[in-house]
Amino acid sequence: MTTFALIHGGGSTAWDWHLVSPLLRDAGHDVVAVDLPIENPEAQLDDYVDTVVAAVGDRQHVIVVGHSLGGFTAPLVCDALRADGLVYLSAMIPLPGERFGVWWTATGHDRETIDSDPDVLFFNGVPRELADEARRRERDQAGAWMSGAWPAERLPDVATLAILCLDDRFFPAGFMRRHVGDRLGITPVEIPGGHYAMLTHPRAVAGALDDFAKEIAAA
């Protein structure tokens, strides 16, 4: 049985995974999703990592999944847990020493044509009741770590999957193909859905994660 440690994106909560989690459990997996201490202005990435590690406890065969800004946390959690696998879901992939503010220009995201409407960027395709609930649960994204260098010396040397969402308006498909290729040297799995595919296409997200777990188990 695989344990999926699910890490939410910036300003968000573990609720983002509430449609995906039962599908993973139905497939025979365990799931851990937690609220990171993102509202603490003094929080470092180590604090985020400690929160996830404490929630996972002594569970084994862990695959860490990071969504969006969660891509800065997920590799660190992966190392801390000595996880079996790592997944970037529409996620930022940092390099050693890279600052959050530099990532946008270093990856070329600043040259993308991005809509100025947050509803279009983040909630395209999300049913109104789910989008309204997601907005109600939004939290301030703070954290001293955002002005510092990403602390790892390398990306984890484990089985790694990137999931690209074809209708994502924030991290467009073309951008993400380049980003994943440049930083991971792999081809992403492509699924339907926007930036919050967990809310629009939870079966596609869960299916990609389940397939990845099976690949790791068979290796």
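Just order 120-127, 154-161 by mean Cβ neighbour count inside 10 Å, highest at the front, would you? Each step should come with its number before you reach the end.
On the way: 120-127: 18.0, 154-161: 15.9.
Ranking, from highest mean packing down: 120-127, 154-161.
Per-residue counts of other Cβ atoms within 10 Å, averaged by peptide: what ranking do you get for 175-183, 102-110, 77-85, highest first?
Values: 175-183: 17.7, 102-110: 14.8, 77-85: 20.4.
Taking the mean over residues of other Cβ atoms within 10 Å, the ranking is 77-85, 175-183, 102-110.
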Taking percent of Cα pairs over 22 Å apart straight from the coordinates, which label in [x] 59; [y] 54; [z] 46 is the correct one? [z]
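Place a +1 charge on the Cβ of each Lys and Arg in the chain and a -1 charge on the Cβ of each Asp and Glu, then give the dipole magnitude about the Cα centre in debye, rounded to the nearest 20.
Values: 17 positive and 32 negative charges, 70 e Å.
The dipole of the chain has a size of about 340 debye.
So what's the net charge close to SER147: Lys and Arg +1, Asp and Glu -1, counting the other residues with Cβ under 13 Å from its Cβ? Walk me through the numbers on the way to the answer.
Numbers: positive: ARG99; negative: GLU42, GLU98.
Local net charge: -1.
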The chain: relative contact order in percent, alpha carbon pairs under 8 Å with at least 6 residues between: 24 percent
In the chain, which helices (entire DSSP H runs) extend 18 Å or more along their own long axis, judged by Cα positions, while averaging at least -1.0 on the Kyte-Doolittle scale? 202-218
Sort 137-148, 194-205, 45-56 for me by packing, meaning the mean count of neighbouring Cβ atoms within 10 Å per residue, highest on top. 194-205, 45-56, 137-148
Of all alpha-carbon pairs in the stretch 1-114, indicate the percentage at a distance above 26 angstrom. 19 percent
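For the pair ALA159 and ARG135, what calculated FRET efficiency results from E = 1/(1 + (r/R0)^6), where r is the Cβ-Cβ distance and R0 = 41 Å, to the nearest 0.05? Before the final figure, lay out the partial values.
Details: r = 35 Å, r/R0 = 0.85.
Once rounded, the FRET efficiency stands at 0.75.
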Using the Kirkwood radius over C-alpha pairs as Rh, can you work out the diffusion coefficient of the stretch 99-219 via Stokes-Einstein at 4 °C, viscosity 1.567 mPa s, in µm² per second? 79 µm²/s
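Every number in this text was worked out from the coordinates using simple rules, so none of it is lab data. Keep in mind the model is a prediction, meaning the values are calculated, not measured. Note: ideal-geometry Cβ built from the backbone for every residue, glycine included; neighbour counts use all protein chains shown.
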